[in-house]
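First up is the structure itself, then whatever we jot down about it.
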Amino acid sequence: MKGNGRSANEMNIESPCILVCSIDAKTGYCFGCGRTMDEIGAWTMMSPERRREIAAALPARLETVERKPRRETRRARMARERLAQGNDA
């Protein structure tokens, strides 16, 4: 046991974080992992059972997150503009 009363196995916490840390304002879920801010903050203190419960809900949550469209790159914009000019001719 560690000094905080938790076993080494309990302290070895798997996180669903994929380093895409941004919260969807509409749902309150992270765009990357699907957790709420409160869940992210408390993750290391949760029991393994609670983490498993949350992890089981994440796929359904991620289906509700409104993905932000990727920003158009300069290359893509130039290609789109070239096509538009060609269609105008």
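Every read-out reported here was derived from the displayed coordinates using simple, explicitly stated rules and does not represent laboratory data. Not measured: the values here are computed from a predicted model.
List of remarks:
- Given their separation in residues at 0.36 nm each and the Cα-Cα distance between them, residue 82 and residue 37 gain 11.9 nm when the chain is fully extended.
- Residue-wise HN-Hα coupling along segment 36-52, computed from phi with Karplus coefficients 6.51, -1.76, 1.60 (Hz; x: Gly, Pro): 7, 4, 4, 5, 4, x, 9, 3, 6, 9, 6, 6, x, 5, 5, 4, 5
- For segment 8-88, the normalised intensity computed at q = 0.15, 0.17, 0.20, 0.27 Å⁻¹ comes to -0.62, -0.72, -0.87, -1.28 (log10 of I(q)/I(0), Debye sum over alpha carbons, equal scatterers, no solvent).
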